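Data block below; observations after.
The values are calculated or read from the model by the stated rules, or taken from the named source; none is laboratory data. Every value quoted in this text rests on a predicted model; they were computed, and no experiment measured them. Glycine also receives a Cβ, built like all others from the backbone with ideal geometry; neighbour counts cover every protein chain displayed. Heads up: the accessible areas ignore ligands, DNA and RNA and are worked out on the full protein's heavy atoms, side chains in. Shrake-Rupley method; radii C 1.70, N 1.55, O 1.52, S 1.80 Å.
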Amino acid sequence: MKLTSNRFQKTVILLIVGWLITFVFLPNLMIFIVSFLTRDNEHLINTTFTFDNYIRLIDPLYIKVLLHSLNIAIIATVFCLLLGYPFAWCLTKLPIHIKPIMLFLLIVPFWTNSLVRIYCLKIFLSTRGWFNNFLMWLGIINKPFHIMYKPEAVIFGLIYILLPFMILPIYSNLEKLDKSCLEAAYDLGANKIQTFFYIILPLTMPGIIAGCLLVLIPAMGMFYVSDLMGGAKNLLIGNIIKNQFLTIRDWPFGASISIVVTFLMWIMLLIYWRTMSLLKN
């Protein structure tokens, strides 16, 4: 029985490692190699080695887009945190028979393609959409309010898509919170505000950092949110990569941008790992 179990474990591990090598490591390795090659109008890629693709990234235009993407992603992450933390806290306070229902409702949006949801949000917020019609019906506004094709619309779309990714890790940490620490704080004379900032917040910091990374990293590359909600004037770095591969057909330059973004994400994950190590110590 034990021998069968060991074989099963080894088989599962080999399948997972094989999957990661085939669909994660090798594609990223190909992108890395292509980033050092040159563009070819006939075959897309020429095997001539060059660093020009990375040198082109110094152009102020691409630096501006990268900073704009980072700015929008950070703002969306902050709003997700401000909305997600209280929501996760309220979830932990619900009765046991209601918690599964609320978690189910939180996860339900994942069953629908995010692109479809963004199209629905675009229709909802459009000039003749339900949101404007509702505000006019209440008498709050006299004419439709223009929301679409602004940075605020992109941020709203990112929050709409990524908010559950912030709530779930924070909720997981709050559920595991040691209640004896809270009781000790109250016994020592701490009020609710002091308990939150000195006990609860530090203990839930791993969930906060994990949630911020789960929102910040995807937010920089969700080009379809920018395309549909922000228009041509509110590009994310993901839009530049998509255009290089699908429109301009400059695969080496698009690959170089992808590698730089991947490197930035790796730095963020390294910071997360180091922060977790410090918190555990």
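A few comments on the model shown:
- Condition check for residue 274: open to solvent by 30 Å² or more (accessible area, probe 1.4 Å), assigned to a loop (DSSP other than H, G, I, E, B) and out of contact with any helix residue (DSSP H, G or I) (no Cβ under 9 Å at 6 or more places or on another chain): no
- Within region 157-193, the residues that satisfy the criterion of being farther than 20 Å from residue 103 by Cβ and under 31 Å from the mean Cα position of the chain (by Cα) are 157, 158, 178, 179, 193.
- Residue check, residue 238 of a type in the set (Gly, Ala, Ser) and open to solvent by 20 Å² or more (accessible area, probe 1.4 Å): no
- Tabulated pairs, region 114-126, first within 12 Å of residue 161 (Cα to Cα), second open to solvent by 70 Å² or more (accessible area, probe 1.4 Å) and among the aromatic types (Phe, Trp, Tyr), C-beta under 7 angstrom, 6+ apart or interchain: 121/160
- Subset of region 128-176 that is out of contact with any Phe, Trp or Tyr (no Cβ under 8 Å at 6 or more places or on another chain) and of a type in the set (S, T, N, Q) - its residue that is most open to solvent (accessible area, probe 1.4 Å): 142
- On the stretch given as region 11-23, residues that are at pLDDT below 90 and open to solvent by less than 70 Å² (accessible area, probe 1.4 Å) total 1.
- Odd one out for residue 228, checked against (1) open to solvent by 40 Å² or more (accessible area, probe 1.4 Å); (2) part of a helix (DSSP H, G or I): (1)
- For region 78-88, the criterion of a residue being open to solvent by 60 Å² or more (accessible area, probe 1.4 Å) and more than 15 Å from residue 155 (Cα to Cα) is satisfied by at least one position.
- Among the residues of region 22-47, those that are under 16 Å from residue 254 (Cα atoms) and hydroxyl-bearing (Ser, Thr, Tyr) comprise 35, 38, 47.
- Matching residues in region 177-210 - criterion: being open to solvent by 100 Å² or more (accessible area, probe 1.4 Å) and assigned to a loop (DSSP other than H, G, I, E, B): 188
- Residue tally, condition within 21 Å of the chain's Cα centre (by Cα), free of Cβ contacts under 8 Å to residues at least 40 places away in the same chain and farther than 14 Å from residue 72 by Cβ, over region 225-242: 2
- Test result for residue 262, open to solvent by 30 Å² or more (accessible area, probe 1.4 Å) and in contact with a helix residue (DSSP H, G or I) (Cβ under 9 Å, 6 or more places away or on another chain): yes
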